[in-house]
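**Q** Starting off with a structure, shown below.
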Amino acid sequence: MKKRLVSKLLALTLAVSMLGSLAACGNSSSSGGDTTDKSQESAAKEEDAGSASEADAGAGEEETDTGTDTAAAPAFEERVALDVVAFVSDGEADGLRTDPVSKYIEDSLNIDLYLTHVTEADWPTQLSAMMADNDLPDIFMLSDPTKQLPMLLEANSVLNLSPYLEQYAPNTTSDPAGELMIAANTTTANSPDGNLYLWGMCKGSWDDGTIPTCGHYVRWDLYKEAGYPKLENFDEDMLDVMQAMVDLEPETADGQKTYGIGSWFGNGQDWGEWFFIYGMAPQEGASLIETTGLTLAISTVDSTPINSNQLTDPDGYFWRAVKFMNKANQRGLLDPDSFTQQSDVYEENLKAGKYMFNYPGWMTSNANAEFNKTEGNLKTFISIPAVGVDSEDRFGNMYRGERQYVVSAATENPERCVALLDFVSTHDFSRIAWNGLEGNFWNVEDGKAVPTDEYLTVTKDNALGVETGVNVYHHFCGYGNGTIDPEDGVAIDLYQFSQKALDTKMNDTVKDFCEHYGQASQADVYRAETKNTTAMNFISFGEPEGDMSSYVNELKAYRGKNVFNCVAAKTDEEFEAARDKMIEEMKANYHVDEIFEYFYNEALAQADTVEQLAAMQNAIK
Amino acid sequence: MNKKKNKFSIANIINILILGAFTFICVYPLWYIFINSFSSPQAINRGVYFVPQEFTLEAYKQMIDIPGLTSSIGIAFARTIIGTLLTLICCSFTAYLLSDRDLPKRKLIYRFFILTMYINAGFIPYYLTISAIGLKNNFLVYVLPAAVQAYFIILIKTYIESIPAELVESAEMDGAGLIKIYYRIILPLSKPILACIVVFAAVNQWNAWADDMYFMQGRKANGLHCLQYLLYTKLQSNVVNSTAGAAAGANMAVSSNSLRMAMSFVTVIPILCVYPYMQRFFTKGIMLGAVKG
Amino acid sequence: MTGTAGKRKELTGRQKKKIKLILLLLPFMLLISVFSYAPLFGWSYAFVEFSPGKSVFDSDFVGLKYFQRIFSNSKDFMLVMRNTLSISFLNICCSVLPAMFAIAISQLRNKRYAKIIQTGTSIPNFISWVLVYSIVFMLLSSEDSALNIILKGLGVITESVNPLGNVKHAWAMQVAIGAWKTLGYNAIIYLSAISSIDQELYQAAEVDGANTWQKILHITVPGLLSTFFVLLLLAISNMLSNGFEQFWLLGNGMTWDKLEVFDTYVYRMGIKNMEYSLATAMGMFKSIVSILLLTFANWASKKLRGDSIF
């Protein structure tokens, strides 16, 4: 309070002195030298103030801790305001929301919910500054928990949630998936002292298996028309399949030339490398770990690290993915614009039908939706079952929660914060977050949630969100939309994955796909064709020690600067030379072996934790 | 003589043609933005070069739907007008004082200002300073930090120094004080450079969004956001993207190219409306003789 | 007697003016101190293991570790420096363009035409880099871009050209885009400088029978020199900063090797990875280099032109 007063006074004096100078009767009496002294002084003061308020925060935490022991009333009588920074829809201005779902939360918990919408892009810098300033919202999202949690802990600005769980988070502690999330977030990698700091949101999965986030999607209508050409291994056959499809449809409906595949290398490092990271490994039951600089891959079948450095192994997932792109490029199947276009243009091209093959699932569903606008459409991207291997990461498993939230240690209402997190983490609320309140777009019939006919025809946009609350909290709720609610066996998102919705999406192409594999539904095809389809990766890495993190950063920067040139190689020899040169360079100057060694051992050391978490996961099934 | 004139008119024609051609490649993109803002995303992807294709007002509709748009326009105008005036007064007055040879330690003080162009403490300490003086969630954060800027001071000072010293000296002889000389002589004579500064400062203010994003936070900032920030939040979804964001981007609306075009068109228009009015100040020569007389 | 008394009075008058000058200047010095010098306490972050929210005094002192890290990966660092300095050098070569452009405009007889040109050419400056990317991509770079359609139509090329993905000409391309974007806008400083030239000089020259070229060479150009040198000096001292957005947005997989500049490097290595100590050290390094360059350029200007600017 006092600090604020002082700062207000300071601002006022500043403004007055400035106005004074404008009126040209400045009467200040210090000299130029003094000014600098003053500014230094104020800087020093500020730091003092900073550490003082830190101490305050610490004290506050202790007080509230003891407070919990005595507090008994689970229902909250007093209405309080909470500041929440979350990944929510931006359909309304930041602050109090007017949609019915927001009202529902506020009435249920007796709070005023002030929401600030953030995205991944700017939030990290903002959060760091707010951390330094010790002025944090009550609940906020971490964009990079591995790095941010240690920082928050060092500054004592994050609340230990463990003491509040029993009393204020009854839903989560009694839900097996909730328990798994808590267990995972209290492992050594995610909590230095075994207390719960991170609260995972969006558990479960994003889809019902038909549109995995990263898959191998082909234009099934053309594949069928081509007479189901041989597709036994990915690296070679897929290129031939693409060629066959391009031959069948050399131009889109509006006359653009078609290609087998495209990409968004124009986005450059990291995001531009998406195709190499997610284009091959997940579809073959492995996960390339970005925090290891892509040196380490972990099997999603049994959560074991693969003992081969992916960046130096020419037959590893990374290089195979790069080589695949290069081959496509050599054969003229890769859209030449790939090298300079960014992801938004890519998506428009995909929607326009320019590509025969695609990796990212969310873009696929957008493209299919676009195709479906045409009456009697047969054009459809369908993800094919694993090719030539017996495992894939299809039925996603975000056991830790896809997004991590924390509570500020300085909050005045820690109980309410935990109660809010618990409230939005249930299956029931998740269904409301995705579909709105019961009775509007969906009803319960025979104990099962069923969407109304009207619901399946609406467009989910911001306006709808403001009116009905649909998709406002869908990234600030307990479960992803493809998760099955154990109570009624129906997926959370009725708009996309309820039986009724699936039936309307079933066109002749999808039917043909199911018939081709002799199954009744798409999901059945995948289960029947591939042995392991559920991701079981329970390894997570904390912030690496010593120079390791800077090694990883430098490796990433080098990789991102050079890998695209390999794709552009004109011949196999040229590609191999470029690749070998990169591998050599990474070995010589970028500590690539050291990095792999470090993370591989870290991963091995987690064997016990993995076993424990896997057991909990199996118990859910 | 006649021959000579001819030669120059050829040079003139070439001059006109080159300038015209360059102007075309500068103006065409705006036309491109304009027609694309009325075209469907699919049409944009195929290329829209002359007139709108698959005409749609969708982008403008989407823009009008942005929450808090009306108040943000007001804030944008307020910060532009107040900020520009403040910058203009502070910088011109500082530059004038610095140009006075009687100022003790003149070089040193001048360097004190210039140095600020090169030192940058980084974002976090700047944020802490702003927060400590109470400018967070405060309208002043838009205008105060921009009030004194070394670059503008240098430009104005260079200009003032080109004004004949006799003018100032004779005014001093007549007993005019510093302030009086400033607004009776310096201000009127520096109109061209001041017009430049107005344009620079106003454009900076109008286009700024970063200060808004970082210093206007949470419920206390309600109603203080400016237009460019709101538009920026819509635009950036495609600019910087992370893998995690994209994975979760499933079911999140992505802003279309036409929306970007529409926004950009709407924000450029006010600048282009005001710009020609400022122009006459920096293109019309000042007759020193007239002032002297 | 009266003479000395008068002199004394004059002296005190002068001193009074000096004090007044200082006093009037103080508020502005205070203002710029608050926003530019006060945050400098943050430079201390470069010498400790900084973590936001933790006091610098509680953090571990690491000395020059982060400065060493800037140079430790000498290969990356040299590459970044090569790109940064080359692009800056090319930009400096182009810095004469706005002045030439302003002179060309001032020669136009039809003032309305001049006005249109001047307004029109300032437009690119108001278009954000995000859109500049879209426009360049759609008009020049994509497979069926306007440029490729035209060139193919004329039979100049058979294979599509892709200027954005061209490694060989990456620098030239970026410098050209930069010049296109800022030329008209930057010319207005010179236009204002031209209009400050006493019109009587031109009239006198005309009486002496000077032609247009001579007038430009002997009156306009000298009248622009002081502005030009000031801007040149600023550009030289700013060699390490060639902007972030342009290269971040217009760079791509093919051209990163040529377009990774200091500003994008700081962002990538420091800020994006939340290595604030490293980012601070890099910022300090940039400040120091800039100040050294400025000092040197100023000194050189004094030697060469007999007049220092700052």
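**Q** Would you mind counting up the charge near A:ILE182? Only other residues with Cβ under 14 Å from its Cβ, with Lys and Arg at +1 and Asp and Glu at -1.
**A** Its environment carries a net charge of -2.
**Q** Would you work out the charge dipole size for the protein assembly as shown about its Cα centre, treating the Cβ of every Lys and Arg as +1 and the Cβ of every Asp and Glu as -1, and quote it to the nearest 20 debye?
**A** Numbers: 95 positive and 133 negative charges, 1933 e Å.
The dipole magnitude comes to about 9280 debye.
**Q** Place +1 on the Cβ of every Lys and Arg and -1 on the Cβ of every Asp and Glu in chain C, take the dipole about the Cα centre, and give the residue among C:GLY270, C:ASN166, C:SER142 whose Cα lies farthest towards its positive end.
**A** C:GLY270
**Q** Write down the percent of antiparallel bridges among all DSSP beta bridges whose residues are both part of chain A, to the nearest 5. Walk me through the intermediate numbers first.
**A** Values: 27 of 41 bridges.
That works out to approximately 65 percent antiparallel.
**Q** Let me ask something else. Structure shown: which of A:LYS581/C:LYS258; C:LYS16/C:LYS302; A:LYS354/A:LYS379 lie over 23 Å apart, alpha-carbon to alpha-carbon?
**A** Values: A:LYS581/C:LYS258 18 Å; C:LYS16/C:LYS302 32 Å; A:LYS354/A:LYS379 12 Å.
Flagged as over cut-off: C:LYS16/C:LYS302.
**Q** OK, next. Ignore the peptide's own chain and count Cβ atoms of other chains within 10 Å of each Cβ in C:243-254; give me the average, rounded.
**A** Mean shielding by partner chains, rounded to a whole number: 5.
**Q** On to the next question. Run lengths n ≥ 4 of DSSP H only: what is the helix-derived mean residue ellipticity at 222 nm for chain B, with -39500 (n - 2.57) per run over all residues, to the nearest 500?
**A** Using -39500 (n - 2.57) per qualifying helix, the result is -21000 deg cm²/dmol.
**Q** Mean residue ellipticity at 222 nm from the helices of chain C, using -39,500 (n - 2.57) per DSSP H segment of n ≥ 4 over the full residue count, to the nearest 500 deg cm²/dmol?
**A** Taking each H run of at least 4 residues, the total per residue is -20500 deg cm²/dmol.
**Q** Within 10 Å, count the other beta carbons around each residue, average over each peptide in A:231-238, A:406-413, A:341-348, and list them highest first.
**A** Packing proxy ranking, top to bottom: A:341-348, A:406-413, A:231-238.
**Q** What relative contact order, as a whole-number percentage, does chain B give when Cα pairs under 8 Å and 6 or more residues apart are counted?
**A** 29 percent
**Q** Further question: Return the calculated 222 nm mean residue ellipticity for chain A, to the nearest 500 deg cm²/dmol, obtained by summing -39500 (n - 2.57) across DSSP H runs with n ≥ 4 and dividing by the residue count. Write out the running numbers ahead of the final one.
**A** Numbers: 25 runs with 293 residues, N = 621.
Dividing the helical sum by the residues of chain A leaves -14500 deg cm²/dmol.
**Q** Still on this structure, I have one more. Which whole number gives the average count of other chain Cβ atoms within 10 Å of the Cβ atoms across peptide B:147-153?
**A** 4
**Q** A further question follows. Dividing the alpha-carbon Rg of segment B:1-104 by 2.2 N^0.38 Å yields what?
**A** Its radius of gyration relative to the 2.2 N^0.38 Å reference: 1.91.
**Q** After finding the eigenvalues of the alpha carbon gyration tensor for chain B, what semi-axes result from the square roots of 5 times each, listed largest first in whole Å?
**A** Semi-axes, largest first: 42, 31, 16 Å.
**Q** May I pose another question? Please compute the net charge surrounding C:GLY63, taking Lys and Arg as +1 and Asp and Glu as -1 over other residues with Cβ under 14 Å from its Cβ.
**A** Result for the neighbourhood of C:GLY63: 0.
**Q** If I take R0 = 60 Å and measure r between the Cβ atoms of B:LEU108 and A:GLU584 in this structure, what FRET efficiency does the formula 1/(1 + (r/R0)^6) give, to the nearest 0.05? Present the calculation step by step, with values, prior to reporting the outcome.
**A** Values: r = 55 Å, r/R0 = 0.91.
Rounded to the nearest 0.05, the efficiency is 0.65.
**Q** So for the protein assembly as shown, considering every pair of alpha-carbon atoms, how many percent are separated by more than 40 Å? Working shown, then result.
**A** Numbers: 389828 of 748476 pairs.
That tail contains 52 percent of the Cα-Cα pairs.
**Q** Run the dipole for segment A:320-425 about the Cα centre, Lys and Arg Cβ at +1, Asp and Glu Cβ at -1, nothing else charged, and hand back the magnitude in debye, nearest 20.
**A** Its charge dipole is roughly 500 debye.
**Q** Which whole-number value in Å² is the accessible area per residue of the protein assembly as shown, probe 1.4 Å?
**A** In whole numbers, the protein assembly as shown has 40 Å² accessible per residue.
**Q** Chains C and B: buried accessible surface, both sides, probe 1.4 Å, rounded to 100 Å²? Write out the running numbers ahead of the final one.
**A** On the way: alone 20010 and 18670 Å², together 30510 Å².
By this definition, chains C and B bury close to 8200 Å².
**Q** In Å², rounded to the nearest 100, what is the total accessible surface buried by chains A and B against each other with a 1.4 Å probe?
**A** 4800 Å²
**Q** Follow-up question, since we're still on this one. Average partner chain C-beta neighbours within 10 Å, per residue of A:447-456?
**A** 0
**Q** From largest to smallest, what semi-axes in whole angstrom does segment A:357-430 give when each is the square root of 5 times an eigenvalue of its alpha carbon gyration tensor?
**A** Working: eigenvalues 317, 72, 23 Å².
Ellipsoid half-lengths, sorted descending, are 40, 19, 11 Å.
**Q** Still on this model: Pop out the carbon and sulfur fraction of the accessible area of chain A as a percent, whole number, probe 1.4 Å.
**A** Details: 11530 of 23390 Å².
For chain A, the apolar C and S fraction of the accessible surface comes to 49 percent.
**Q** Hey, what did chain C get for relative contact order, percent, Cα under 8 Å, at least 6 apart?
**A** Once divided by the residue count of chain C, the mean separation gives 25 percent.
**Q** Order the peptides B:33-42, A:453-462 from the highest to the lowest mean number of other Cβ atoms within 10 Å of their residues.
**A** Ranked from most to least packed, the peptides come out as B:33-42, A:453-462.
**Q** What pairs from A:LYS327/C:LYS181; C:LYS65/C:LYS272; B:LYS157/C:LYS20 go past 28 Å between their alpha carbons?
**A** Result: A:LYS327/C:LYS181 exceed 28 Å.
**Q** With +1 on the Cβ of every Lys and Arg and -1 on the Cβ of every Asp and Glu, and nothing else charged, how large is the dipole of chain A about its Cα centre, in debye rounded to the nearest 20? Mind dumping the intermediate values first?
**A** Working: 43 positive and 103 negative charges, 223 e Å.
The calculated dipole for chain A is roughly 1060 debye.
**Q** Given labels modelled 7 Å from the Cα in the Cβ direction, how far is it in nm from A:ALA577 to B:ARG219?
**A** Between A:ALA577 and B:ARG219, the simple spin-label model gives 6.6 nm.
**Q** Pairs of alpha-carbon atoms within less than 8 angstrom and 6+ residues apart define the contacts here; what relative contact order does chain A have, in percent?
**A** 21 percent
**Q** Send over the semi-axes of segment B:102-228's equivalent ellipsoid, whole angstrom and largest first, taken as the square roots of 5 times the C-alpha gyration tensor eigenvalues.
**A** Its equivalent ellipsoid spans semi-axes of 35, 17, 13 Å.
The values are calculated or read from the model by the stated rules, or taken from the named source; none is laboratory data. Note that the coordinates shown come from a computational prediction; the quantities given were computed from them, not determined experimentally. Heads up, the Cβs are rebuilt from the backbone with ideal geometry, glycines too, and the neighbour counts pull from every protein chain shown. The area values use the complete protein model at the heavy-atom level, side chains included, leaving out ligands, DNA and RNA. Shrake-Rupley method; radii C 1.70, N 1.55, O 1.52, S 1.80 Å.
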